[in-house]
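Working notes, structure below.
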Amino acid sequence: MTEESAKSWVEAEWADSLDEELEMEIDDNLVAKDLQFISDKKHKSPIDRNTYFHELLRLQAELVKLQDWVQHTGEKIVVVFEGRDAAGKGGVIKRITQRLNPRVARVVALPAPTEREKSQWYFQRYVPHLPAAGEIVMFDRSWYNRSGVERVMGFANEDQVEQFFNDVPEFERMIVRSGVRLIKYWFSITDEEQQLRFLMRIHDPLKQWKLSPMDLESRIRWEDYTKAKEETFERTNIPEAPWFIVEGNDKKQARLNCISHLLSQLPYEEVPHDPVSLPERRFNPDYERKVLPEHLYVPEKF
C-alpha cells in the first residue's frame with residue numbers, strides 16, 4: 001500500500017466515523033408529518049453541527065486515552081447516571097462507549113428485581129457489577145432507584161427509603177475507600193422538554209421501545225419526582241461522592257459538557273506505547289484457497 005493510498009484509506013475511515021455519529025443524529029431528528037408541531041417547538045441548538053462533531057470526536061479521542069490509562073494503572077471507575085426520564089442519559093452513555101473497548105468500559109442497566117433479589121440486602125444486586133482493576137463501569141440508573149422510582153411509585157415504603165438514606169452514604173464511602181473512583185451525574189430537563197420527548201417516542205416506531213409504563217406515570221408524578229430528587233441531593237451529596245447536575249434540554253450541549261466534565265474529574269495521562277509495526281504476511285506458494293459453497297455467503301442485496 002502506497003503512502004497516498006494509505007492516506008485515502010484513513011480519510012475514508014474518518015468519514016465513516018462521522019457517518020456513524022450522523023446516523024445517530026438522524027435518529028434523533030426523525031419527525032412524522034403529523035408531529036411537525038413538535039419540531040417547530042424544539043429549540044435550535046447553539047452548537048452548530050460541524051462544531052459538535054469536531055468536539056465530540058476530540059473528546060472521544062480523550063476517552064480512549066482515559067481507557068488506556070485505566071488499563072495501564074489498574075484504576076477502577078464507577079460512573080452513575082441518574083435523572084428525569086428522557087433527559088438524555090442514554091445518549092451520553094452511547095457517545096462515551098461508542099469508541100471504547102467493551103471489555104474495559106461496560107454499561108450496567110439492571111432490570112426490575114426478582115422476588116429473590118427483593119429479599120436480599122438492597123445493595124447486594126449492584127455489588128457484583130462493581131469494577132475490578134482496569135475497568136470502567138457506567139450504571140444506567142443505579143441504587144438510587146430506591147429514593148426515586150421505587151419511592152414515588154410505592155414499590156418501597158418509607159421505612160425502606162429511610163434505611164436507604166441512612167445506608168447509602170456509608171455504602172459509597174466504602175466503595176471509595178476500596179479504591180474506586182465514584183462519579184455521580186443527575187440529568188435535568190424542563191417539564192415541557194420532557195413532554196415533547198415523550199410525544200416523539202409515542203409517535204416514532206423506532207423509539208416506542210424506550211417508553212415504559214413507569215415513564216408514562218412519571219409525567220403524572222412530576223412534582224413527586226422533584227421532591228424525591230431534592231431530598232436525594234440533600235441526603236446523599238457527600239464530599240467523597242458529590243452529585244453533578246447536567247442540564248439536558250439541549251442534547252448536544254449535554255453530551256459535550258458531561259464528557260468534558262467526566263474527563264476533568266480523572267487524573268489520566270497519555271500512556272506511552274511501544275511502536276507497532278505490521279509484520280509481513282507469510283506466503284506459501286503451495287497453498288491453494290478453497291472455493292466455498294455459494295450458500296454460505298450472505299446475499300449482497302445492497
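The values are calculated or read from the model by the stated rules, or taken from the named source; none is laboratory data. Model, not experiment: these values are computed from the prediction. Neighbour counts run over all protein chains shown; Cβ positions are idealised from the backbone, glycine included. Accessible surface areas use protein heavy atoms only, side chains included; no ligands, DNA or RNA. Shrake-Rupley method; radii C 1.70, N 1.55, O 1.52, S 1.80 Å.
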Requested in this report: Spot the failing condition for residue 150; the list is (1) touching a residue at least 12 places away in the same chain (Cβ under 8 Å); (2) surrounded by 14 or more Cβ atoms within 10 Å (Cβ to Cβ); (3) of a type outside the set (Phe, Trp, Tyr); (4) not in a loop (DSSP other than H, G, I, E, B), and only one is missed.
Outcome: (1)
Requested in this report: Could you grab me the full set of residues in the range 195-228 that are among the charged types (D, E, K, R) and open to solvent by 40 Å² or more (accessible area, probe 1.4 Å)?
Outcome: 201, 210, 217, 219, 221, 223, 224, 227
Report summary line: The one condition residue 87 fails out of (1) modelled with pLDDT of 95 or more; (2) crowded, with 20+ Cβ neighbours inside 10 Å is (1)
Report task. Return a yes/no flag: does the range 124-132 have any residue that is surrounded by fewer than 17 Cβ atoms within 10 Å (Cβ to Cβ), of a type in the set (Ser, Thr, Tyr) and free of Cβ contacts under 8 Å to residues at least 40 places away in the same chain. Result -> no
Query raised in the report: Taking helices (runs of 4 or more DSSP H) that do not extend beyond the range 176-288, which have at least 3 residues that are closer than 30 Å to residue 76 by Cα?
Result: 222-236, 251-264
**Report entry** Residues being assigned to a loop (DSSP other than H, G, I, E, B), open to solvent by 30 Å² or more (accessible area, probe 1.4 Å) and in contact (Cβ under 8 Å) with a residue 40 or more places away in the chain - total across the range 133-147
**Finding:** 2
Requested in this report: Return yes or no: is residue 159 of a type outside the set (A, V, I, L, M), at pLDDT 95 or above, under 20 Å from residue 239 (Cβ atoms) and not in a loop (DSSP other than H, G, I, E, B)?
Outcome: no
Requested in this report: Looking for whichever is charged (D, E, K, R) and surrounded by 18 or more Cβ atoms within 10 Å (Cβ to Cβ) here; the options are 158, 162, 172. Which one fits?
Outcome: 172
Query raised in the report: Hey, does the range 175-188 have a residue that's closer than 18 Å to residue 91 by Cα, open to solvent by 40 Å² or more (accessible area, probe 1.4 Å) and not charged (D, E, K, R)?
Result: no
